[in-house]
Amino acid sequence: MVSFLLAAQQQQGPAAIPDQHIRDEIKTIMFGGTDTSAHTLAMCAYYLAQQPAAAERAAEEVRALLQGSG
């Protein structure tokens, strides 16, 4: 992605795609996924707290998966 942005900047010139824009895109790529993952995990925990039966089924599945890993 970075090489694509830099190539486009070389073709179109720095005025068309400023360095700041490229830096912002890199930050989004690097750090955007962590926020999304954290939000997803938080919402899963919230919904499992609302549904005890589903939480117990999930816990049973995790225990079954981890049983052979120790």
Across every pair of different alpha-carbon atoms, what Kirkwood hydrodynamic radius in Å does the chain reach?
15.8 Å
Any idea of residue 28's accessible area? Nearest 10 Å², probe 1.4 Å.
90 Å²
Quick one: how many Å² of residue 65 are accessible to a 1.4 Å probe, rounded to 10?
130 Å²
Across 42, 15, 54, the residue with the highest GNM fluctuation in the chain (Cα network, 10 Å cutoff) is 15
Over the chain, with neighbouring protein chains present, the accessible area per residue in Å² at probe 1.4 Å is 82 Å²
Counting only protein heavy atoms with a 1.4 Å probe and every protein chain in place, the carbon and sulfur fraction of the accessible surface of the chain in whole percent equals 62 percent
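The values are calculated or read from the model by the stated rules, or taken from the named source; none is laboratory data. Only a predicted model underlies this, so the values are computations on that prediction, with no experimental measurement involved. Keep in mind that these areas ignore ligands, DNA and RNA; they rest on the heavy atoms of the full protein, side chains included. Shrake-Rupley method; radii C 1.70, N 1.55, O 1.52, S 1.80 Å.
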